[in-house]
Each structure stands twice: as C-alpha cells, then as structure tokens.
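Participant: Provided herewith is a single structure, encoded as structure tokens, for subsequent inquiry.
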Amino acid sequence: MTTRSTGFLAKSCASLLVGGLLAMLSPSTAVAAPVYGTSEAGNPFVDGWYADPDTEIYDGRYWVYPTTSKSYSEQTYLDAFSSTDLVNWTKHPNVLSTANVSWAKYALWAPAPVKRNGKYYLYFAANDIQSNSQLGGIGVAVADKPEGPYKDALGRPLISQFHNGAQPIDQDVFIDDDGQAYMYYGGWHHANVVKLNPDMTSLGTFADGTTYKEITPENYTEGSFMFKRNGRYYLMWSEGGWTGPDYSVSYAMSDSPTGPFRKLDKVLAQDPAVARGSGHHSVVNVPGTDVWYIVYHRRPLSETDGNHRQLAYDRLYFNADGTIRRVQMQVKDNFADGNALGWRTYGGTWSAGDGRYRVNQSLGSKALLDTNFADFTQDADVTLTSGGGDAGLTFRVTRPSVGWDSYSGYYAGISPSGKVVLGRANDNWTELGSARMPIAPGSTHRLRVTAVGSSINVYVDDMTTPRISVTDGTYRSGANGVRVFDAAASFDNVAVGPAQ
C-alpha cells in the first residue's frame, strides 16, 4: 500500500479510501479519508497462516504479498490478497512458486512488490542460505499482472552473497521522489541498502563507487522497511527472535535515504492481552491524506507453533515533530467482511453475514476471541432474535468447552423479559446481580462491561450509569466473547480495550 515515495501506497496511481470504498481520485478531488483505529472487521483480516506482509496499490486495489508461514520445506509458493476497501479480501493463490525459479528450492520469504516500466516486479528471498558457498539469496520475478504468475527475471539471485555480514533476506523496495529506487535488506543483525538501476533487475553504485552500504541501526535483526513522510525518511525493522516474546518493530529517521539511521523507539510489540510475536511489517499511507496504517504479522496467544502467524493491521499515528507513537493493537470486529476470523465457538451454530455474527437458539453457546484481558472495557451490540433466555458478553474466560456453564469466568446478558443479569460460571452458575429495564424482542441494545480488578460494571444503552455494579475477584483475566442462553441472537460492533 505505498510507493515508498510518500508511503507504501504511492508507487501506483493515487487512490483514496472513502466510506469503506477505495475510489480513484483526480488531482482536484478532495474527499475526507477514513479514520480507522484498526481493522474494524477484525484481525486477522485474511484466513490462514501468513507472515512478513508487504503491500502495494495497483489500479485502485490494495495488494498484500506475504510469506506463507509453514516449515521451510513447504515454503515453495507465495499467495497474494487484494481488496478495494481494506475490508473484503480476494485470495490470489500461487502468484510465485519455486517451479518458476530454477535456483529456488524452499524458504520463499518476504515478497516485496513494485510496479515500474509497465511491469510488476516481486522481490523475494529463497533457500535461507547460511554461507556464501550455498545457492540462494534475493531474487526478482516479473509479471504482466499484479496477480502473476511471476517468473524469475534473471535465472539467478540478484544478491547471492553476504555483504557487510548481512544475510540476503527480507528485502524492501523504495522509490524516492527523484525516481531512484533503493532496496533495503538484511538478516543476521546487519542491514544494507543498495541502489536499483532503472531496469529494476540490476544494482547500481553509490558516489564512492561501492554497491553495498551498511546502515545497521541499534538492535536490528531483520525485516527492513522504508517510507517517506514530510521529507523525512523512516527506516523500520524487526528486532528480537521471531518466535520469542521480544519480537517487535523499531524505527529511525533521517534526512537521507541512506542514513545515518539511529534508533528512536520501539513502536510495535507483543501485548499479553492480544497477541504475541508482532513484527515484520509494512506501512500504508492513504494517498492525499495523513492517514497511515501498519500491516504486520502476529501470533495468537493460544498458539505455540512458531509458524502459526496471522496478518493484522492497526492505525499508525505521528507526533507533531514527526516521531511515531507506539502502536496499541486493538480488538474489534464489526463483521463487515462476512466472516468471523479469530473467533472460536463452543456449541450452537454460528455464522457471520450482513455485518452481524449470529447464533441459533441454544443452551449456553459461546464464541470467544483469543484474548487474555485483565482490566478492560468490552462492548457489543446485542439483538435477541428468539427465545426467552438471554444473550450478552462473556469475559475473563478460561477452560471453555461445550455446555451450559462449561467455563470459568463471567457473563453479562439481557433478556426479553426485561432483565439484565451478571453472573459467574464454573461448571455451574452463580448470579451476582440483576436489574430491570425494557428490552423488546428483536431490538438492538448496546451492552458494555468494564472490569478493573474486582470491580465489575455492566451498562446497557446508557454508557454513563451502570445497570449493575458488583465486586467479585474470583477470576482476574481470560478470554472475551459473546454468549447466549436459551436464546438466538446476533452481535455486532464488538470491541475490547483498556478500561474506560
């Protein structure tokens, strides 16, 4: 989603996301940009295990090109995803495979897309070479369409050796305002920048006659990414171990595309309430605006397999001096994409469609997000569609399984009988509080739970005065979700975040 001349959307013709749709703009068009706090239809935003996303805009569509997150021997192909609105995504399988690269055998990593000379280029790393005696490194493939098929442009790697100690992996391509293309790359704690010639398949030289310029910033591990904003160059990278709790994204700023780059701050890190292993990212600027997003991979809290990584994006904000604020991974889902990725169900029949998450009438059915919040505010729009029971929010959940009260945690619900209820479950049910209010069958109500320590408040429609307030410290943290009891219901606009 940059050219890398003004962010990672600018390489293609300018386009602007408006009211959830991406419309092509003429230079004179002035339309307000969307202000998303995160992927409002839920993270992950596509299905499957993927990592290292890089993004472009081609002909009014956003394109995301990730690594296929599997074992090395299975990483023999790359998929892509495209969208006109950053909500609904189309999968394009096998845009590049080792079958079309004679020297690549496995470990096909970190694709970097760019359009130039009427062609679509895709830079990639292959074979995860460990020394200069092995065949592999960074290659470049070319296609006539953004969905490929891409074919090897050289019949050999573009960069096949270690220079300045940098493993030839994790490349990112940036085209500056003057038309000069650069590639930033490197693993093994070293980063280089090289110039790309206009043909995009050969390397140029710097003024001093060198080809490889080391730009390694503090704590660099891998995953270089470059963008430009207000005349300043931002180098970003991943640090820490890719399977460890310290994997994260940091950045530096410079007045030159070749540095020097000195680390300023860490901007994206794991959140023990949301996800682990957040890193290896790209950045998107909505053209003609100062709206930016960071697109990255992360590992769900319940997953222990290092390759179980998913694609996500959140809002990227800047301070007045151009520095980047730290990113807070947000948890939202308005189901506008027609799916419920990231949710796990226990009982009942659940389906997403028409911007809602529905469940049939059942006893104790629940759907949970893979979260582990302690103190939080959780919201959802709840509509009871049939049955005499109740529907609402469940939170601080552990040990979930199929059954009426088969979990440990709390539940706050509303009933068409006009009752608001809050209770605690542990394979049985203990009511902690209730209140009366009009609740018509088929009507939608905004339900909120705020929990801080042992203090739990339940709000319905009125977000200033709680309907129920209790003190109960039995359960301190766990998953968040939605639930029905002897009712059918639909849910929308689910959000979980810091306590308000």
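The values are calculated or read from the model by the stated rules, or taken from the named source; none is laboratory data. Being a predicted model, the structure only gives us computed values, none of them experimental. We place every Cβ from the backbone using ideal geometry, glycine too, and count neighbours over all the protein chains shown. Ligands, DNA and RNA are stripped out before the accessible areas are found, and what is left, the full protein with its side chains, is counted by its heavy atoms. Shrake-Rupley method; radii C 1.70, N 1.55, O 1.52, S 1.80 Å.
Participant: I'd like the distance between the alpha-carbon centres of the range 174-233 and the range 68-101, rounded to an integer number of Å.
Facilitator: About 25 Å separates the Cα centre of the range 174-233 from the one of the range 68-101.
Participant: Of all the accessible heavy-atom surface of the chain, with the other protein chains kept in place and a 1.4 Å probe, what percent is carbon and sulfur?
Facilitator: 48 percent
Participant: At a 10 angstrom cut-off on C-beta neighbours, averaged per residue, how do the peptides 361-374, 206-219 rank from highest to lowest? Working shown, then result.
Facilitator: Details: 361-374: 21.7, 206-219: 14.0.
With the highest mean Cβ count within 10 Å placed first, the list reads 361-374, 206-219.
Participant: Here's another thing I want to ask about it. Rounded, prolate or oblate: which one fits the range 327-438, using the alpha carbon gyration tensor with axes a ≥ b ≥ c (rounded when a/c is under 1.5, else prolate when a/b beats b/c, else oblate)? If you can, show how the numbers build up before the last one.
Facilitator: Details: a/c = 1.39, a/b = 1.18, b/c = 1.18.
It comes out rounded by the Cα gyration axes.
Participant: Can you flag which of Lys91/Lys145; Lys115/Lys195; Lys70/Lys115; Lys70/Lys145; Lys263/Lys332 are past 21 Å Cα-Cα? Mind showing how you got there, number by number?
Facilitator: Numbers: Lys91/Lys145 15 Å; Lys115/Lys195 16 Å; Lys70/Lys115 28 Å; Lys70/Lys145 26 Å; Lys263/Lys332 31 Å.
With Cα atoms farther than 21 Å apart: Lys70/Lys115; Lys70/Lys145; Lys263/Lys332.
Participant: Could you sort 406-414, 97-105, 180-188 so that the peptide with the highest average Cβ count within 10 Å comes first and the rest follow in order? It would help to have the intermediate numbers written out before the result.
Facilitator: On the way: 406-414: 24.9, 97-105: 17.8, 180-188: 23.0.
By packing density, highest mean first, the sequence is 406-414, 180-188, 97-105.
Participant: Also, quick follow-up: Rank these residues by their accessible area, most exposed first, probe 1.4 Å: Asp337, Asp354, Asp47. Kindly include the intermediate steps, with their values, before the conclusion.
Facilitator: Working: Asp337 25, Asp354 150, Asp47 110 Å².
These residues rank, largest area first, as Asp354, Asp47, Asp337.
Participant: Follow-up. Report the gain in length on full extension from Arg436 to Asp290: 0.36 nm times residue separation, minus Cα-Cα distance, nm rounded to one decimal. Intermediate results must be reported in sequence, preceding the final value.
Facilitator: Working: separation 146, 0.36 × 146 = 52.56 nm, distance 4.65 nm.
So the chain would gain 47.9 nm between Arg436 and Asp290.
Participant: Taking 2.2 N^0.38 Å as the expected size of a compact globular protein, what ratio does the Cα radius of gyration of the chain give against it, to two decimals? Intermediate values should be presented prior to the final figure.
Facilitator: Details: Rg = 24.4 Å, N = 500, 2.2 N^0.38 = 23.3 Å.
Against the empirical 2.2 N^0.38 Å value, I get 1.05 for the chain.
Participant: Please state the charge dipole magnitude for the chain, taken about the Cα centre, from unit charges on C-beta atoms (+1 on K and R, -1 on D and E), reported in debye and rounded to the nearest 20.
Facilitator: On the way: 42 positive and 49 negative charges, 47 e Å.
The dipole of the chain has a size of about 220 debye.
Participant: Mean separation of Cα pairs under 8 Å and 6+ residues apart, divided by the residue count of the chain: what relative contact order is that in percent?
Facilitator: After rounding, I find 12 percent.
Participant: Now, a different point. Take the Cβ-Cβ distance between Val402 and Asp472 as r, set R0 to 30 Å, and report the resulting FRET efficiency rounded to the nearest 0.05. The partial results should precede the final answer.
Facilitator: Details: r = 25 Å, r/R0 = 0.84.
For Val402 and Asp472, the calculated efficiency is 0.75.
Participant: Further question on the same structure: Keeping all protein chains in place, calculate the accessible area per residue for the chain (probe 1.4 angstrom), answer in Å². Mind showing how you got there, number by number?
Facilitator: Details: 17970 Å² over 500 residues.
Per residue, the chain has an accessible area of 36 Å².
Participant: FRET efficiency for Glu74 and Ser133, Cβ-Cβ distance as r, R0 = 35 Å, nearest 0.05? Before the final figure, lay out each step's value.
Facilitator: On the way: r = 25 Å, r/R0 = 0.71.
So, using R0 = 35 Å, E works out to roughly 0.90.
Participant: Sum up the charges of everything whose Cβ sits under 13 Å from the Cβ of Val194, counting Lys and Arg as +1 and Asp and Glu as -1, but leave Val194 out. Walk me through the intermediate numbers first.
Facilitator: Details: positive: Lys195, Lys213; negative: Asp172, Glu214.
Net charge around Val194: 0.
Participant: Let me ask another. How large is log10 I(q)/I(0) at q = 0.11, 0.13, 0.19, 0.21 Å⁻¹ when the Debye formula is applied to the Cα atoms of the range 46-175, each weighted equally and without solvent?
Facilitator: The Debye formula, applied to the Cα set alone, gives -0.35, -0.49, -1.02, -1.22.
Participant: Suppose R0 equals 41 Å. What FRET efficiency, 1/(1 + (r/R0)^6) with r the Cβ-Cβ distance, do Thr304 and Met463 give to the nearest 0.05?
Facilitator: Values: r = 38 Å, r/R0 = 0.92.
FRET efficiency, Thr304 to Met463: 0.60.
Participant: A follow-up question, please. Over the range 228-270, what is the relative contact order in percent, taking alpha-carbon pairs closer than 8 angstrom and at least six residues apart? Let's see the in-between values first.
Facilitator: Numbers: 76 pairs, mean separation 15.2, N = 43.
35 percent.
Participant: OK, next. Dividing the convex hull volume of the Cα atoms of the range 227-283 by its residue count, what figure in Å³ per residue is obtained?
Facilitator: On the way: hull volume 4.9 nm³, N = 57.
Dividing the Cα hull volume of the range 227-283 by its residue count gives 86 Å³.
Participant: Could you point to the residue in Leu393, Ser71, Tyr58 farthest towards the positive end of the chain's charge dipole, with +1 and -1 charges on the Cβ of Lys/Arg and Asp/Glu respectively?
Facilitator: Leu393
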